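Step one of this worksheet: look at the structure below.
The values are calculated or read from the model by the stated rules, or taken from the named source; none is laboratory data. Because the structure is predicted, anything quoted here is derived from the model rather than measured. Virtual Cβ from ideal backbone geometry, glycine too; neighbours counted across all protein chains shown.
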């Protein structure tokens, strides 16, 4: 089965700075497209959606320019989710510059690593997300379960912007904390402009996780969103903190093995094409 990976990162620490990597020895190194291809050897990845790697402020366009060059020279990257400080007054200048890069289809502004659980309630950020509609861009929402109330508040205010929830909404699988995550994701799915990436949960599970540990969370997302609004994402290379690419992919394939072949194709390919306008080679 062909795959579009909707959540993949590359970073080059020799040309860009990523402040969050400071002291993060497990990931503080260069990750290239060649590294990704080695990690996916034997897996039929037709294209990827590159999601911004949280570069230092002011280098958002530089990251996009670098990734566009990689795509033109080496292929595989079929869409880009760029970084932008949407809560800042000059964010629209960055959005205007993205217009020069056809691969940019969405913007991500993360709440995940912030201590403030209400970051997504910030009025200027909500205005920035609303402004994406004028540029034909979607929004990648990255919040963990504890930040979901604020994330839902943001989504209510941006009904005309396509929104992709990253990493299954960040359930605490290691803590067996199914609720209130499940209720929040059901409410998230009630908004017709939302989709969800089935990604990033192996790092939310306990060390030594099994596919059975993950399945209840995947099942809930299928029930809430349906396969029309679910997309596979690896979260490579961050996923390697919880398991290699193949192990995560095998676990997800096992979890949805009873679904119709057409539904599985939506999860691994079709939904990404429609949501992110992915260019495949």
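For the stretch 100-108, the count of residues that are free of Cβ contacts under 8 Å to residues at least 60 places away in the same chain and more than 19 Å from residue 6 (Cβ to Cβ) is at least one. Considering each residue of the stretch 118-137 in turn, at least one proves to be at pLDDT 95 or above, exposed (fewer than 15 other Cβ atoms within 10 Å of the Cβ) and within 19 Å of the chain's Cα centre (by Cα). Beta carbons closer than 9 Å, at least 6 apart along the sequence or on distinct chains, pair a first residue in the stretch 130-147 that is farther than 18 Å from residue 235 by Cβ with a second that is modelled with pLDDT under 95 and surrounded by fewer than 23 Cβ atoms within 10 Å (Cβ to Cβ) for 131/91; 131/92; 134/92; 135/92.
Within the stretch 76-100, the residues that satisfy the criterion of being modelled with pLDDT of 95 or more and surrounded by fewer than 16 Cβ atoms within 10 Å (Cβ to Cβ) are 96, 99, 100. Among the residues making up the stretch 14-28, those that are surrounded by 13 or more Cβ atoms within 10 Å (Cβ to Cβ) and without any contact (Cβ under 8 Å) to a residue 40 or more places away in the chain are 18, 21, 28. Selection of the stretch 115-145 for residues being assigned to a loop (DSSP other than H, G, I, E, B), under 24 Å from residue 80 (Cα atoms) and in contact with a helix residue (DSSP H, G or I) (Cβ under 8 Å, 6 or more places away or on another chain) yields 137, 143, 144. Checking each residue in the stretch 146-169 for being part of a helix (DSSP H, G or I) and under 23 Å from residue 5 (Cα atoms) picks out 166, 167, 168, 169. Within the stretch 35-56, restricting attention to residues that are out of contact with any strand residue (DSSP E or B) (no Cβ under 9 Å at 6 or more places or on another chain) and not in a helix (DSSP H, G or I), the residue that is surrounded by the most Cβ atoms within 10 Å (Cβ to Cβ) is 56. Only one entry of 200, 169, 246 meets the criterion of being under 30 Å from residue 74 (Cβ atoms), crowded, with 21+ Cβ neighbours inside 10 Å and in contact (Cβ under 8 Å) with a residue 12 or more places away in the chain, and that entry is 200.
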